[in-house]
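**Student:** One structure coming up, written as structure tokens, with questions to follow.
The values are calculated or read from the model by the stated rules, or taken from the named source; none is laboratory data. Owing to the predicted nature of the structure, the values given are computational and were not obtained by experimental measurement. Positions of Cβ are generated from backbone atoms using ideal geometry, with glycine treated the same way; all protein chains shown enter the neighbour counts.
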Amino acid sequence: MDSALIPRGVKRCPLWQFLLFIGAAGIVLLWGVYAMFLCWFKGLNQTNMNDYYGFALWIWADLAVIAVGGGAFFTGLLRYIFGKDALKNIINYAVLIGFICYSSALLILAIDIGQPLRGWFIFWHANVHSMLTEVAFCLSCYFGVLTIEYIPLILENRQIDKVPFFHHLGHNMHEVMAVFAATGAFLSFFHQGSLGGVAGVLFGRPFAFREGIFIWPWTFFLFTWSAAACGPCFTILVTKITEKVVGKKLVKDNAIELLAKISGWMLLTYTIAKFIDTWYWVTVLAPSQGFTLMDFYSNNPLYGIWILITEIAICGLVPAAILITPKGRKNPVALWIAISLAVVGVCLNRWVMVLQIMAVPVMTFDNWVMYLPSWQEVATTILPGAYGVILIAISYRYLPVFPNEAELNPMEPLPAEEAEEKSVEPSVDLEPELTPAEA
Amino acid sequence: MKIGRRGFLSFVIGGAAGTALSPLPWKLMDDSSIWTQMWPWTPVPEDGEASYVNSVCTLCPGHCGITVRKIDNRAVKIEGMKGHPVNNGGICLLGLSGLQLLYGPMRVKTPLKRTGKRGQGQWEKISWNDAVSEVVEKLRDIRSEGHPQTVGFISGFDRGTVSRLFERFLTAYGSPNFMRMPSVRDSYELAQYLMQGVQALPGFDFENSDFVLSFGSGLIDGWGSPVRMSRVHSAWQSAGVKVIQIEPRLSNTAAKSDKWIPINPGTEGALAMGLAHVIVKESLYDADFIENNVEGFFDWKNLVIDKYSPDTVASITGIDSRTIVVLARGFANASKPLAVCGRGNGTTPVNIDECMAVHALNALVGNIHKKGGVWAVSEPDYINWPEIEMDAKAAAGMQHERLDGAGSKTYPFTRYLLPRLPETIDPGEKNPLQALFVSGANPLYTHPDTQAVRNAFDKIPLVVSFSSYMDETAQNADLILPNHIYLERYEEVPTPAGMIEPVIGLSRPVVEPQFNTRHVGDVILQMAKGLGGSVAKTFPWDSYDSCLKETLGDLWNYLIDKGFWSNTGAMPPFFGTSYETASGKFELINKDNGSIPQFKPVSIEGDEKDYPLLLIPYDSMRLACGFIGDPPFVMKTVEDSILKGKDVFVELNPKTARNQGLREGQRVVLTTPKGKAEVKVHLFEGIMPGLVALPRGLGHTGWDEYLAGKGINFNTLIGPVEDPDSGLDAAWGIRAKLEKA
Amino acid sequence: MKEGRTHKRFQKFGMVIDLDKCTGCGSCMVACMAENNVPFRKDESNKLLSITWMRVYKLTNGMPFPETDVCYLPRPCMQCAGQHEGHSPCVSVCPAIATDYSMESGIVSQIYTRCFGCRYCMASCPYHARYFNWWDPIWPDGMEKYLSPNVSPRMRGVVEKCSFCFHRYQRAKDRAYMEGRRELQEDEYQTACTQACPAGAITFGDLNNPKHAVSEMVEPDPKHSGRPKNPNAFRLLERLGTNPKVYYLSSREWVRRAGDNYLKNEKKVKKPVHHG
Ligand SMILES: Nc1nc2c(c(=O)[nH]1)N[C@H]1C(S)=C(S)[C@@H](COP(=O)(O)OP(=O)(O)OC[C@H]3O[C@@H](n4cnc5c(=O)[nH]c(N)nc54)[C@H](O)[C@@H]3O)O[C@H]1N2
Ligand SMILES: Nc1nc2c(c(=O)[nH]1)N[C@H]1C(S)=C(S)[C@@H](COP(=O)(O)OP(=O)(O)OC[C@H]3O[C@@H](n4cnc5c(=O)[nH]c(N)nc54)[C@H](O)[C@@H]3O)O[C@H]1N2
Ligand code: SF4
Ligand code: SF4
Ligand code: SF4
Ligand code: SF4
Ligand code: SF4
Ligand SMILES: [Mo]
């Protein structure tokens, strides 16, 4: 039924199956939307946040999706600026995932703030000294960039592409994409960093606080670095999952391997940097404020020292080791493990840098505070996931996300369908039918 | 016209761009944020002309001067009155919350008559005239049947014109049953009467003392006049006054003292005797004072030497003998030492022997009626009303003994024994109490063994409450005749609890009465008029206000002008009362009735086998446990180690908890011979092992949703223990057990 | 106004709380609620959700019976100045300038209508002095009558905190201007909690004025961001460099030590860290 919209040369599941899938994800989405409206109309009392846990589950999710969405900027950077051509086969998907991550992040922020209708004050009454202001500006701008990067892909939909205006628009946008990619990389560098800065500047919170250069604490650079390292892993991970779900190969191995290798080195260097940062923090910074390492980790199982070991060793060194060795990244199982660990690691890092900060007592007579999210928080946190799945499904079905798909999965054309289409709508195309994703 | 795909898309995109570039979205965005800044459901207080009214707070016997800030005719803030002799600008959290009581949901807004069963909370509104007529009718019946003595009156207060009007009304009517709520004042009054022969208020010159020995008095936990005591405490800190606190639990008073000496509960009297032993044995007493002002010293000395050696006392109190000796020396060698007894905030009396023993310590060091000492304070005598008209019925009624047994052969010198009332309200044929009026008191909450008191009340045919608030007693009354609250009425307020300096304040209407309430003084006058005859003649005034004005005479204008009257300059004996005993001296042994300071243990309820632990109450400034319940602001200050949700925590030493197999936060059932309640465990190193402590002031059923249903009322778990010598309730705790819930 | 632009001597209002005198009575908490239209709810026993601009903490020395000791510590907003005046933990992070540092008075303001409720400032404040309005404030029917027109009630979704009763400062200044004066007397501007404290444990005044009692009591050292010279005086979390304007006095060593974090076996406070 919707075959007219489906890219040429690829096979898609029957519409009913697709709709069933969308429906299932849609139910989760609606649950999240319901929770979202509760938060908007009844207020944040719908959450289990409190005056100690002013940032909670979904802010973690916010930081996490931005970190893993870092695959878009970093892949873009490699593709357009450093000219890693092999990545052209995965760049579309990286952009799409980034788009989903960033739109989700903005949505979460719109739910998170106590006065959503005043959200724009952050731009209008901007405090240029606040890391959060930097985040808001860079995040919004970069979201704009991602939108611009995503649009040409939409324009490549078979039907839209038939409109000459859109066709030319898409073509021209491709031409200048390098400029946007560069802009995106620059913006991304700053907002990833400023998200790290959000935590690092909290000099009242010895768990979070780090010194640095100029206005930027070390966490600024660590965040950018870790996003660059783990974002591509997430891109690979989602690609792999997509391949599993649709049951076919979508991206050529050389693209995956290249990305994995670069990720691996980034992750290795990041882990070393993180280790040095932690060492300095534990031996110099925290003691100067009267804290020892175990003051930050003792007292309860959720925030035990295991969390630090897991983050640095298990989710840092291990995947880095796998990814930098050709044998490791070529072994499918090892690759799966490595990219999963890397993604878990960066999420864990964001968790710690959001939630553990709130849990650790600072005043000597304060206590560790635990928090358990309410269902409304869980639902609104899952909401972006459902939204992402749906957007991926739709994009995959109707847009030529994977330029190699047809090549990797050759199929017999279905003449009946083609004929039907042609008879319904005569083509007004002036240019050759299928434009590859890259002009 | 045919719109093609291209045209349609151009239209949509162009439209979107056009809208975005137009002022519309920006204007909407701006407007919506402005709307959030002025949500109609978030109140905007109206501005107006600011003014200030001086008055007096009567939420407790502290009687602080207050200054109420008003905006037009709204009272918006209560502050302490600068320059007031009691509080000089300071104010307690309860006093600060007065406006929540004024405007709050706990107010009784109009006279109410019960329609359902007692305590069911079914009421009908009734006019003031009907309500008073109903009461008068009933009183007339009782009187005509010849039983005027079966009418009783419970008052939170027994001084000043309002209390005196109650008493006067009862006397003219023919009943001796005017009853004041119990407190440590009862013990002190009796001790002073027995040892000094005077009926006076106990006054403590803490401001000038340099060594304070407190046998468990929560001097900064709500005792006496709380703001005055806070100021005193600060003065002690600045001057380096030694303060020793003796009690089994680390109260705030103990924590702020120089030394906290934990003691086996109920053995404070023994310690006092032990200290006396050391002082006498080492001749540390004030020989001059003993010689000239004390009678019976040598006989008592022998008793003290014989029976209260430090070792003996150490085994009773659990305090080692060395500490006892050092403490005694420290006390006796101080230049202005002062000993005070009474547990917690002073809302419960103590056994008379204990009170006398502590008072005797003061006599030993000669600080009776001295700077920094203990005073028997006589009141400024401004109430001079005409003789009461007594007809034959009144005279006959007044011949009856009081129902509570105060002044009877058994308890000849005790003035009020309210806790004994329930047992005298016999289930037999004719109830000795046919009508009961309650004003400024909440016995169904504050009395020990609440259930027994409730059962007793159930047998009284008519219970009338004058409460301004829907408290527990009001909830269980037949009629509520709501008084104006203190911010809506005139009333003179005499000397605050525990002060030696006489002060008279004037409570005055800060705002118009907010509801259909009436001054209780006016209601008494109306009732008297309704009864007619000699009762009516006893009340020659048109209104309470005119009565007050006439009574105060010149003082009225002074009070209206200045807000309070005090006698700061004058020193005793202007208001101190000298010894009026047979010997004209301080009598350590009262020859008339043989009373003598000694230690007699009070055996509390429950046996050790079934109840291995001891339950004691504790008081906190943040939990009002008397007539007034915590308003919402005050509830906000209650710590989460005391109340969490609806659960109250009992304090337990970690050692006790270990023995009982309990841990922090655990839900347990607390059982005493009197009752049972679910509570949670809070481990606290500051309580003696073997003890369980429960705060007073929670577990209300009345008041409002901000207070009711939270925690447990301590009084439901304890019963009174009668002191055989005085009839006073001498219970200091009760045996208890804890079991996992 | 930037310093240096004028020769006017700026005031730096601060507070000294004598913990020896404080009895933990809670008057300051309620005085603040009554003065500042602080809302309340039916259950306030969850202290993580209970708005108390002034909160009195109960500290224990952790010793077993009978060596146990207790001390109360009232905690308003510390009005932190940060290591360079105005770099308060919270002010520096607020993205919308909804909380600001007044160079003229040293007071950290909070602008409810500007705040959009991101709660970043709460995360930044180690003293937990900031509170979020999780609910619409609701007063029982009739009780709005006592609300003061000097302090606007806050709407749901914004952060609030102790303001050093800023409206009292404004009121005092207005009065002084009307009388043709530029300078305030020490007693003209006092906070509600100071005024109410029955124990007189709170002293309030200008830390920049050596004649004011607060300065005399703690002797702030301008060379070390106001660190007290009085050995009995301390500030909470001095070592973090928040530079608070609330000082505490205590004669008890364990209490002073409870004011900050120390490594085991660390006797003296080392030089506090400085932050950009
Ligand atoms: N915030 C807060 N405030 C409170 C409380 C609280 O829990 N929290 N508790 C309240 C309660 S329940 C009470 S009862 C009070 C405590 O004050 P109360 O205990 O109610 O005072 P009394 O029991 O009347 O007497 C205490 C002592 O004051 C002296 N005294 C009593 N009456 C007089 C008098 O008329 N004149 C003089 N000169 N001295 C007198 C006697 O020495 C007596 O020993 O505090 C009240 N204030
Ligand atoms: N078990 C137990 N027993 C108690 C108490 C307790 O908490 N538990 N509380 C004890 C204490 S401390 C007290 S004071 C008593 C009474 O207990 P409460 O009834 O709590 O008495 P107070 O709190 O002392 O305040 C007296 C009240 O009466 C009003 N009042 C003040 N002066 C006058 C007056 O002259 N005339 C009239 N009509 N009203 C006046 C004021 O509104 C004030 O609220 O109960 C005592 N008995
Ligand atoms: S101490 Fe008593 S009289 Fe004084 S303000 Fe408090 S409640 Fe009122
Ligand atoms: S009002 Fe004063 S004494 Fe009471 S808790 Fe506050 S600071 Fe301490
Ligand atoms: S105490 Fe907290 S809210 Fe107050 S100025 Fe310091 S950081 Fe800001
Ligand atoms: S919650 Fe309000 S005051 Fe706090 S940082 Fe966000 S906008 Fe600023
Ligand atoms: S200074 Fe004012 S706002 Fe701050 S705690 Fe005290 S009363 Fe509240
Ligand atoms: Mo009392």
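Yes or no, residue by residue, for (1) more than 30 Å from A:K240 (Cβ to Cβ); (2) touching a Cys at 6+ places or on another chain (Cβ under 8 Å); (3) charged (D, E, K, R); (4) away from ligand 1 (no atom under 16 Å from the Cβ):
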{"site": "A:K42", "(1), (2), (3), (4)": "yes, no, yes, yes"}
{"site": "A:A64", "(1), (2), (3), (4)": "no, yes, no, yes"}
{"site": "A:K84", "(1), (2), (3), (4)": "no, no, yes, yes"}
{"site": "A:N89", "(1), (2), (3), (4)": "no, no, no, yes"}
{"site": "A:Y102", "(1), (2), (3), (4)": "no, no, no, yes"}
{"site": "A:E134", "(1), (2), (3), (4)": "yes, no, yes, yes"}
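**Student:** Sort out which residues of the stretch B:455-468 are under 17 Å from B:T701 (Cα atoms) and surrounded by 24 or more Cβ atoms within 10 Å (Cβ to Cβ), and write them in order of number.
**Tutor:** B:S465, B:S467, B:S468
**Student:** For the stretch A:23-41, enumerate the residues that are aliphatic (A, V, I, L, M), in contact with a helix residue (DSSP H, G or I) (Cβ under 7 Å, 6 or more places away or on another chain) and surrounded by fewer than 18 Cβ atoms within 10 Å (Cβ to Cβ).
**Tutor:** If the condition is that a residue be aliphatic (A, V, I, L, M), in contact with a helix residue (DSSP H, G or I) (Cβ under 7 Å, 6 or more places away or on another chain) and surrounded by fewer than 18 Cβ atoms within 10 Å (Cβ to Cβ), then A:V28, A:V33 are the ones that fit.
**Student:** Let me ask another. Please work out which residue is farthest from the chain's Cα centre (by Cα), limiting yourself to the stretch B:184-213 and to residues that are buried (at least 24 other Cβ atoms within 10 Å of the Cβ) and among the small types (G, A, S).
**Tutor:** Among them, the one singled out is B:S209.
**Student:** Of everything in the stretch B:617-633, what is more than 7 Å from ligand 1 (Cβ to nearest atom) and not in a loop (DSSP other than H, G, I, E, B)? Give them in sequence order.
**Tutor:** Hits for the stretch B:617-633 are B:P617, B:Y618, B:P632, B:F633.
**Student:** Pairs under 7 Å by beta carbon, first residue free of Cβ contacts under 8 Å to residues at least 40 places away in the same chain in the stretch A:231-250, partner part of a helix (DSSP H, G or I) and of a type in the set (D, E), six or more apart or different chains?
**Tutor:** So the pair list comes out empty.
**Student:** OK, next. Could you please find all residues in the stretch C:30-62 being more than 16 Å from ligand 5 (Cβ to nearest atom), touching a strand residue (DSSP E or B) at 6+ places or on another chain (Cβ under 7 Å) and within 30 Å of B:V243 (Cα to Cα)?
**Tutor:** Listed by number, the residues that qualify are C:K58, C:L59, C:T60.
**Student:** Give the residue that is nearest to ligand 1 (Cβ to nearest atom), with candidates limited to residues of the stretch C:98-111 that are surrounded by fewer than 20 Cβ atoms within 10 Å (Cβ to Cβ) and within 13 Å of chain A (Cβ to nearest Cβ).
**Tutor:** Checking each candidate, the answer is C:I111.
**Student:** Right, B:E49: of a type in the set (D, E), touching a strand residue (DSSP E or B) at 6+ places or on another chain (Cβ under 8 Å) and farther than 30 Å from B:G203 by Cα or not?
**Tutor:** So B:E49 fits the description; yes.
**Student:** Looking only at helices (runs of 4 or more DSSP H) that fall completely inside the stretch A:286-338, which ones have 3 or more residues that are under 29 Å from the mean Cα position of the chain (by Cα)?
**Tutor:** Once the helices (runs of 4 or more DSSP H) in the stretch A:286-338 are filtered for at least 3 residues that are under 29 Å from the mean Cα position of the chain (by Cα), what remains is A:306-309, A:318-324, A:326-330.
**Student:** Sticking with this structure for a sec: Please identify the pairs in which a residue from the stretch A:114-137 that is farther than 12 Å from B:M29 by Cα and of a type in the set (A, V, I, L, M) has its Cβ atom under 6 Å from the Cβ atom of a residue that is within 16 Å of ligand 5 (Cβ to nearest atom) and not in a helix (DSSP H, G or I), counting only partners at least 6 apart or on another chain.
**Tutor:** Short answer, once both residue conditions are applied: A:I122/C:P95; A:I122/C:A96; A:M131/A:V201; A:L132/C:P95.
**Student:** Condition test on B:A360, is it in contact (Cβ under 8 Å) with a residue 40 or more places away in the chain, part of a helix (DSSP H, G or I), small (G, A, S) and surrounded by fewer than 23 Cβ atoms within 10 Å (Cβ to Cβ)?
**Tutor:** no
**Student:** Hey, another quick one. Suppose we keep only residues that are under 27 Å from the mean Cα position of the chain (by Cα) and among the charged types (D, E, K, R) within the stretch A:144-161. Which one would you say is nearest to the other protein chains (Cβ to nearest Cβ)?
**Tutor:** Among those that are under 27 Å from the mean Cα position of the chain (by Cα) and among the charged types (D, E, K, R), it is A:E156.
**Student:** Quick check on my filter: what residues within the stretch C:12-30 are in contact with a Pro (Cβ under 6 Å, 6 or more places away or on another chain) and either modelled with pLDDT under 95 or of a type in the set (A, V, I, L, M) (or both)?
**Tutor:** C:I17
**Student:** Go through (1) touching a helix residue (DSSP H, G or I) at 6+ places or on another chain (Cβ under 7 Å); (2) within 15 Å of C:F40 (Cβ to Cβ); (3) facing chain A (nearest Cβ under 10 Å) and name the single condition C:R156 misses.
**Tutor:** Answer for C:R156: the failing condition is (1).
**Student:** Then there's this: Please identify the pairs in which a residue from the stretch A:162-173 that is within 12 Å of chain B (Cβ to nearest Cβ) has its Cβ atom under 7 Å from the Cβ atom of a residue that is at pLDDT 85 or above, counting only partners at least 6 apart or on another chain.
**Tutor:** So the pair list comes out as A:F166/A:L155; A:F166/A:I160; A:L169/A:L155.
**Student:** Would you list the strands (runs of 3 or more DSSP E) that sit entirely within the stretch B:10-127 and hold 3 or more residues that are at pLDDT 90 or above and of a type in the set (S, T, N, Q)?
**Tutor:** B:50-56
**Student:** Let me ask you something else. Are any residues in the stretch C:225-242 in contact with a strand residue (DSSP E or B) (Cβ under 9 Å, 6 or more places away or on another chain) and either of a type in the set (F, W, Y) or within 15 Å of ligand 5 (Cβ to nearest atom) (or both), and if so, which ones?
**Tutor:** Across the stretch C:225-242, the qualifying residues are C:G226, C:F234, C:R235, C:L236, C:E238.
**Student:** Looking at the stretch B:171-191, I want the residues that are in contact (Cβ under 8 Å) with a residue 12 or more places away in the chain and have a partner that is part of a loop (DSSP other than H, G, I, E, B) and of a type in the set (G, A, S) with Cβ atoms under 6 Å, at least 6 apart or on another chain. Which pairs are those?
**Tutor:** B:M181/B:G156; B:M181/B:A441; B:S183/B:G346; B:V184/B:G346; B:L190/B:S726
**Student:** Is it the case, given these coordinates, that C:E183 is in contact with a Phe, Trp or Tyr (Cβ under 8 Å, 6 or more places away or on another chain), away from ligand 1 (no atom under 16 Å from the Cβ) and not basic (K, R)?
**Tutor:** no
**Student:** When you scan the stretch A:358-439 for helices (runs of 4 or more DSSP H) that lie fully inside it, which ones turn up with 2 or more residues that are surrounded by 12 or more Cβ atoms within 10 Å (Cβ to Cβ) and at pLDDT below 80?
**Tutor:** In the stretch A:358-439, A:415-424 are the helices (runs of 4 or more DSSP H) which contain 2 or more residues that are surrounded by 12 or more Cβ atoms within 10 Å (Cβ to Cβ) and at pLDDT below 80.
**Student:** Among the strands (runs of 3 or more DSSP E) lying completely within the stretch B:205-278, list those that include at least 1 residues that are away from ligand 3 (no atom under 16 Å from the Cβ) and within 12 Å of chain C (Cβ to nearest Cβ).
**Tutor:** Fully inside the stretch B:205-278 and qualifying: B:242-246, B:259-261.
**Student:** Only one of these conditions is not met by A:F275: (1) within 13 Å of chain C (Cβ to nearest Cβ); (2) in contact (Cβ under 8 Å) with a residue 12 or more places away in the chain; (3) of a type in the set (F, W, Y). Which number is it?
**Tutor:** So A:F275 meets the others, but not (1).
**Student:** Same structure, new question: Every residue in the stretch B:691-726 that is in contact with a helix residue (DSSP H, G or I) (Cβ under 6 Å, 6 or more places away or on another chain) and among the small types (G, A, S), please.
**Tutor:** B:G702, B:S726
**Student:** C:C193 fails exactly one of the following numbered conditions: (1) away from ligand 3 (no atom under 16 Å from the Cβ); (2) more than 8 Å from every other protein chain (Cβ to nearest Cβ). What is the number of that condition?
**Tutor:** Status for C:C193: all satisfied but (1).
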